[in-house]
Each structure stands twice: as C-alpha cells, then as structure tokens.
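Encoded as structure tokens, the structure appears first; notes follow it.
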Amino acid sequence: MECSEKRIWNRYTREDLNRLSIEAPDSDIRKKILSNWDNIAKPVDGMGRFEALTAQIGAVLGSEKIDISKKAVIIMCADNGIVEEGISQSGQEVTLAVVQNMALKKSSVGKMAEYIGADTIPVDIGINCREKIPGITDKKIRFGTANFRKEPAMKEEEAVRAIFIGIEMVSECKNKGYRILAAGEMGIGNTTTSSAVAAALLGKEAEKVTGRGAGLSDEKLMRKQRIIADAIEKYKLREADALRILATVGGLDIAGLTGLCIGGALYHIPIVLDGVISMAAALLAERIIPGTKEYLIPSHKGREPAARELAKAIGAEPVIDAGMALGEGTGAVMMFSLLEMALKLYRDGMTFSDIQMDRYVRFS
C-alpha cells in the first residue's frame with residue numbers, strides 16, 4: 001500500500017490499518033552479513049550485539065553493503081490532557097517552549113544530532129498551541145488530547161489518523177534518501193500515557209510499570225499510579241485491543257510513533273527506538289501489525305520501569321545501559337553513533353585473509 005498517495009488522513013479507518021501487510025526482512029542478506037562479520041579479524045562474535053543489529057539493518061535495507069549515512073530523528077510532539085491531574089512537575093507550556101528550541105536545533109536532541117550529522121524533524125501532531133510554529137512540520141490533529149481520567153484521550157479515528165501520519169513521514173523520508181530513522185518525542189505528561197498503555201497492553205499492575213518521569217515526589221507518584229489503575233478499570237482496558245488502548249489512554253505522540261514503526265516495516269527503513277514512549281509505540285505497532293518488531297532497533301534501557309517490560313515484550317535487547325530518561329530521541333541518536341562505528345569496522349576492518357590467518361571456527 002503506497003501510503004504517500006492518500007493524503008486525506010482523517011478518512012482512514014481501523015479497517016485500513018487491518019489491510020496493511022508487511023514482508024519479513026531479507027533472511028539471506030542477514031546470514032551473509034553475519035558471515036562477513038566472521039571474516040573480520042576478530043574473535044567470533046567479538047562485536048557482540050552489534051553484529052546481529054547490523055545484520056538486521058542490512059536485512060531491512062535489502063543490502064549487505066550497509067549505508068546509514070543519511071539519517072534523521074522524527075520527533076512527534078503533542079500535549080496530553082492528563083497533565084491537569086498534577087502528574088508532572090511542569091505544565092503544557094513547557095512542551096511548546098522545548099519544541100520552539102527544537103526548531104532552532106537548540107534542544108538536547110538537536111545538539112546531539114548535529115554533532116553526529118543526523119537531521120532532526122520535529123512534527124506538531126498535537127501541541128496545545130493555536131499558532132503555527134516556524135521550523136516545525138505541521139501535522140496537527142487536535143490541540144492536545146483530553147484528560148483520560150474524565151474521558152477517552154481521543155477518538156479512534158484521531159488515533160488512526162495519527163498512525164497514518166507517522167507512516168507518511170517514513171514514506172517522505174525514504175523518498176528523500178534517508179536510510180535509517182530514529183523515534184523521538186516531546187510532550188509533557190507522556191510518561192503517564194506510555195505507562196498507562198504499557199500497563200494495559202502487558203496486563204501489568206500500574207505500580208509495576210509507572211515511574212517518576214521527570215521527577216515526582218512519592219505522593220505524586222502514587223497519585224499517578226492510581227490514576228492509571230483507575231482508568232484501566234474504568235474503560236475495561238484489560239480486554240481491549242491495541243488501538244482502543246491507544247485512543248483511550250495514549251497520546252498523539254505515541255500514536256504518531258506507532259505509525260513510524262509500522263512505516264518502517266512497510267517501506268523497509270530501520271527505526272531506532274528511544275525510551276519508554278517509543279517502546280510503548282513499538283509494542284502497539286507490533287500488536288496492530290504483527291512482524292513490525294523485526295524492523296525496530298533498540299537503543300537504551302531507560303530509567304522508567306515500563307521500558308524494561310516493553311523491551312521484553314517486543315524481544316528487544318537495548319545495548320546502552322546508562323539510566324537515561326531525557327527523551328526527545330537522545331538515546332536513539334547515541335545509538336546512531338555506535339552503529340556507525342560498528343559499521344566502520346564491518347566495511348573497512350582487516351580480514352583474516354589480509355593477515356594470512358585462518359578464521360576462527362564457530363562451534364555454536
């Protein structure tokens with residue numbers, strides 16, 4: 001399905017999502033890349049997880065000659081009505097302030113991406129702001145979601161529309177020559193929405209997957225957990241499918257990232273995940289379109305408890321373990337640089353033939 005040909009996003013429905021299908025990454029290329037790694041003059045599996053990850057990237061791109069030099073971070077930005085309930089240290093005005101700095105490449109992800117040569121593409125998918133923000137891609141669906149303690153966060157059609165916007169972003173980036181994308185986000189309150197999504201999808205108690213976000217007192221953390229638990233009970237989300245969970249307690253940023261993950265699978269572009277928000281989107285994408293996870297690259301473990309549970313659910317093994325909780329796609333950008341270094345060795349490393357030595361034997 002060529003999603004870029006159909007631009008009237010609000011006409012998409014659940015049925016349109018159900019009609020999407022994906023192919024598995026190229027298993028022959030994956031095997032060839034792993035064999036190439038074994039020819040590099042190093043111990044068997046000497047580069048650890050990076051050998052499997054680069055093989056996965058090559059399988060997604062369909063080539064053993066891996067080039068990820070043109071890369072970008074797609075940053076889905078939106079406000080969350082649940083902020084009304086005091087589950088965050090700051091208010092919605094901070095979302096706008098950070099996004100304005102993103103447009104100027106001055107935010108955390110902008111500085112880091114600039115250093116490694118990655119582009120940043122902030123997307124207004126639901127900021128609570130009436131004016132257009134210069135330098136930001138305008139894909140606004142509504143002015144933030146509703147307070148899910150009082151009513152569902154959004155309509156199902158809005159969630160579907162946001163998913164297809166994420167898919168469209170991948171299509172547009174592929175047409176511009178991008179070879180790998182990272183999932184970023186900005187939206188005050190989105191550790192609450194992602195924890196609520198995680199609790200419902202995983203069948204976990206709220207306190208098991210809900211952390212302090214940008215920093216909460218014990219009292220506010222307990223309130224945050226209670227609000228999530230009450231919402232799951234109120235809307236009977238234990239029995240709900242992924243799309244209804246997303247529309248009920250999720251955010252527009254999560255929905256957009258869900259589409260980004262699905263778009264990666266549709267258009268054969270590897271998507272590097274960041275922390276808990278993109279991990280929640282990844283599991284939603286896998287539940288909506290099984291097989292999507294084969295196109296997703298983990299980056300860091302993250303500090304939020306839900307991140308670890310979500311990683312397990314999609315079979316991801318993040319390689320960075322630094323207790324990060326910055327968001328914006330910063331962990332994914334760090335992963336870009338690590339992947340580039342691994343690929344430098346893959347492309348240019350000395351082989352056993354170069355040093356006239358027999359390669360190591362693989363026994364398992």
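What the Cα convex hull of region 39-164 gives, in volume per residue, is 176 Å³. Here the sum of -39500 (n - 2.57) over DSSP H runs of 4 or more residues, divided by the residues of the chain, equals -14500 deg cm²/dmol at 222 nm, to the nearest 500.
Using 0.36 nm per residue of separation minus the Cα-Cα distance, give me the extension gain between GLU205 and VAL44 in nm, one decimal. Don't skip to the end; give the middle numbers.
Numbers: separation 161, 0.36 × 161 = 57.96 nm, distance 4.16 nm.
So the extension gain works out to 53.8 nm.
Helix 156-175 and the longest principal axis of the Cα set of the chain meet at an angle near 30°. Cα centroid separation, region 277-329 to region 148-224: 12 Å. Around the Cα centre of region 69-338, unit charges on the Cβ atoms of Lys, Arg, Asp and Glu (plus for the first two, minus for the last two) sum to a dipole of about 200 debye. For the chain, with the dipole built from +1 on Lys and Arg beta-carbon atoms and -1 on Asp and Glu ones, taken about the Cα centre, which of ILE245, GLY329, GLN356 lies farthest toward the positive end? Sorting the options by dipole projection puts first ILE245. The simple spin-label model puts a point 7 Å past each Cα toward its Cβ; for SER27 and ARG130 those points are separated by 5.8 nm. Taken along the Cα-to-beta-carbon direction at a fixed 7 Å, the label points for LYS65 and ASN101 span 4.2 nm. FRET efficiency for the LYS111 to GLU317 pair, using the beta carbon distance and R₀ = 30 Å, is estimated at 0.60. The calculated FRET efficiency for ASP16 paired with GLU93, based on their beta-carbon distance and R0 = 45 Å, is about 0.80.
Per residue, the convex hull around the alpha carbon atoms of region 69-338 comes to 105 Å³. The mean sequence separation of alpha-carbon pairs under 8 Å and at least six residues apart, normalised by the residue count of region 69-338, gives a relative contact order of 24 percent. Angle, helix 330-348 long axis vs. longest principal axis of the chain, Cα atoms, 0 to 90°, nearest 10? Helix 330-348 sits at roughly 10 degrees to that axis. Under 5 Å between amide hydrogens, built in the peptide plane, is the criterion, and for GLU64 it picks out nothing among residues at least 5 positions away or on other chains. Computed from Cα atoms, the angle from the helix 93-103 axis to the main principal axis of the chain rounds to 30 degrees. Here is the list for region 13-112: GluC sites (Glu not before Pro) lying in DSSP coil, each with at most 16 other C-beta atoms within 10 angstrom of its C-beta, are GLU23. Dipole orientation for the chain: of the candidates GLY215, PRO25, ILE254, GLY215 has the Cα lying most toward the positive pole (charges on Cβ; Lys, Arg +1; Asp, Glu -1).
On the basis of the beta-carbon distance and an R0 of 22 Å, PHE143 and ARG308 show a calculated FRET efficiency of 0.10.
Here the label points at GLU340 and ALA214, each 7 Å from Cα along the C-beta direction, are separated by 2.9 nm in the simple model.
Bear in mind that the values in this text are calculations on the coordinates, not laboratory data. From a predicted model like this one, the values you see are computed outputs, not experimental measurements. Note that we place each Cβ from the backbone using ideal geometry, even for glycine, and neighbour counts take in every protein chain shown.
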